[in-house]
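Asker: Mind having a look at this structure? Questions to follow.
The values are calculated or read from the model by the stated rules, or taken from the named source; none is laboratory data. Everything numeric here is computed off the predicted structure, so don't read it as measured data. Cβ sites come from the backbone with ideal geometry, for glycine too, and all protein chains shown count toward neighbours.
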Amino acid sequence: MLHINKIRENKESYIALLKVKNMDATDLIIHAIAKDDERKATQQKADELLTKGNQLAKQIGELYKTGKAAEANALKDESSTIKESSKALQAKQAELEKEIQDILVQIPNVPHPSVPQGKSDENNITIKEVGAISALMKGAKPHWELTTDYNLIDFELGNKITGAGFPVYVNKGAKLQRALIAYFLDKNIAAGYTEYLPPHVVNEASGFGTGQLPKFEEDLYKIPSDIDLYLIPTAEVPITNFFRDVIVKGFPIKCTAYTPCFRREAGSYGKEVRGLNRLHQFDKVEIVQIQHPEKSYETLDVMVNHVASILNELELPYKILQLCGGDLSFSSALTFDFEVYSAGQERWLEVSSVSNFESYQANRLKLRYKDENGKMQLCHTLNGSALALPRIYAALIENNQTAEGIKIPKALQPYTGFDIIK
RNA sequence: GGAGAGGUGGCAGAGUGGUCGAAUGCACUGGUCUUGAAAACCAGCGUACAGCAAUGUACCGGGGGUUCGAAUCCCUCCCUCUCCGCCA
């Protein structure tokens, strides 16, 4: 959520920048500012009345104390009237505050000035491409055939017990998944991140804090119970919410966590969702940083390089893309996506998304620090996948299929305990 | 699931109807003293909103109520702790 005062200060430039996200926020912004003006005026009136009321109450107290009960009683009527009108004003103020918030949550984060205009992922800019796409043997297979041939994943079984998009990993297929999780976590810990294992279910306040709610409720699985709980769509939600209402003492704060991720993915279909390409439950290792505003873009680069170094070790061909305005998420100011080449499908698969949210999330979270003048300021938050499992898994087995079997990259062998799947 | 206790500033902890945004201690910040440090002493030290400012308003777990006036009384919800039961 953008801060209303920041919107006031940067009205024109925000409107212009939001157009890069293909969003005309002019009406929302004008409306929000008008409501805020009204709110200020209302508060001033309410404060005046309350001041008067407080003074009267004090007088009445004094009069009682000095035994002038009659005079005190005379003042009570006036006090009652004041109270009634101030209540009405306060109710109006609360209503206005809610209206303003309802508008503000509809305005996406302002993109960084470097974000290119664009309609969709086709307009993303390739920053870097690493690793040669190796020529595969004849008859190379997509992963959904390999997982069956080698008995690594049972999609049918998952279908039976839960539904489509909930695969069951089997035998070495399960071990490979577990190895990747442990490997990613170790890489992140080595880079200075603290490991967490958070709950996989969060409350409404957390969903709001990171921006999944109220706008994207239909993307989440909701647990019917007396209080509203949601299955997490990413570890970003519990982790970032650790810092809700927190005043941080030092920067940076670096967290990593493995969690399963649950997504409704309503409306997806076709070969985009075949096999591991898009699931309702998948595993992901996430990295999150809380940073000083002046350092956040530097940190974004560091995080991008960190993810790149993991892909280098896994010997997967990948490219880094800067997302255009049209593909940028609601809360993000600047995002770099990683795609690995999946040789069996002959296409690029998104495996990581590294973003700087600037103070957009922090404002909702009330995640702040005290600056050198002792003033409260909003922190910047960043996060990225390091990494999302299923598509890495898919690319790994597709790219490394040989006549002898599926070869495991060196970096992963200490974790799998085997170097080939036959 | 049953019984009880409790939620106050960064922490500890007072406060049961008015002058309480809240004693006191610790922590923290600045100063005096000291060769330096410690100790001692002096001063400062919550957040949000409004205002150029002076200042005003709100906040003592959340919400509602009683009252001229609520941290304090009432209702309700949430949370924590202790004991018992159940349980991986």
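Asker: Of all the strands (runs of 3 or more DSSP E) wholly in region A:325-404, which have at least 3 residues that are away from RNA strand B (no atom under 16 Å from the Cβ)?
Answerer: Ranges flagged: A:334-342, A:347-356, A:380-388.
Asker: May I ask you to list the residues in region A:306-356 that are among the hydroxyl-bearing types (Ser, Thr, Tyr) and within 19 Å of A:LYS284 (Cα to Cα)?
Answerer: A:SER309, A:TYR318, A:SER329, A:THR335, A:TYR341, A:SER342, A:SER352, A:SER353, A:SER355
Asker: Then there is this: So if I check each of A:THR234, A:THR259, which one is of a type in the set (Val, Ile, Thr), assigned to a strand (DSSP E or B) and either at pLDDT 90 or above or farther than 19 Å from A:PHE330 by Cβ (or both)? Quick ask: steps written out before the conclusion?
Answerer: Values: A:THR234 fails: assigned to a strand (DSSP E or B).
None of the other options fit; the residue is A:THR259.
Asker: While we're looking at this one, here's another question. Of all residues being acidic (Asp, Glu) and at pLDDT below 90 in region A:181-218, which is surrounded by the fewest Cβ atoms within 10 Å (Cβ to Cβ)? Just the residue, please.
Answerer: A:GLU218
Asker: Determine which member of the set A:GLU95, A:GLU38 is farther than 19 Å from A:ARG8 by Cα and more than 8 Å from RNA strand B (Cβ to nearest atom).
Answerer: A:GLU95
Asker: Being hydrophobic (A, V, I, L, M, F, W, C) and either in the same structural domain as A:PHE208 (by TED's automatic domain parsing) or assigned to a loop (DSSP other than H, G, I, E, B) (or both), is that true of even one residue in region A:75-85? Talk me through it step by step, then tell me what you get.
Answerer: Start the filter on region A:75-85 by keeping residues that are hydrophobic (A, V, I, L, M, F, W, C), which leaves A:75, A:82.
The next check asks that each one be either in the same structural domain as A:PHE208 (by TED's automatic domain parsing) or assigned to a loop (DSSP other than H, G, I, E, B) (or both); those that pass are none.
The answer is no; no qualifying residue exists.
Asker: On to the next question. Please work out which one of (1) within 16 Å of RNA strand B (Cβ to nearest atom); (2) within 30 Å of A:ALA343 (Cα to Cα); (3) acidic (Asp, Glu) is the condition A:GLU48 fails and give its number.
Answerer: With (1) within 16 Å of RNA strand B (Cβ to nearest atom); (2) within 30 Å of A:ALA343 (Cα to Cα); (3) acidic (Asp, Glu) applied to A:GLU48, the lone miss is (2).
Asker: List the residue pairs whose Cβ atoms are under 6 Å apart, where the first residue sits in region A:46-67 and is under 11 Å from A:GLU78 (Cβ atoms) and in the same structural domain as A:ILE82 (by TED's automatic domain parsing), the second is more than 6 Å from RNA strand B (Cβ to nearest atom) and among the β-branched types (Val, Ile, Thr), and the two are 6 or more positions apart or on different chains.
Answerer: The qualifying pairs are A:LYS52/A:ILE82; A:GLY53/A:ILE82.
Asker: Which residue pairs have Cβ atoms closer than 9 Å, lie 6 or more positions apart in sequence or on different chains, and pair a first residue in region A:18-29 that is among the acidic types (Asp, Glu) with a second residue that is not in a loop (DSSP other than H, G, I, E, B)?
Answerer: Taking only residues 6 or more apart or on different chains, the pairs are A:ASP24/A:ILE15; A:ASP24/A:LEU18.
Asker: Kindly indicate whether A:ALA74 is crowded, with 18+ Cβ neighbours inside 10 Å, of a type in the set (A, V, I, L, M, F, W, C) and over 35 Å from the mean Cα position of the chain (by Cα).
Answerer: In short, no.
Asker: Only one of (1) part of a helix (DSSP H, G or I); (2) at positive phi is not met by A:HIS306, so which one is it?
Answerer: The failed condition is (2).
Asker: Further question: Of everything in region A:1-34, what is farther than 21 Å from A:THR210 by Cα and β-branched (Val, Ile, Thr)? Give them in sequence order.
Answerer: Across region A:1-34, the qualifying residues are A:ILE15, A:VAL20, A:THR26, A:ILE29, A:ILE30, A:ILE33.
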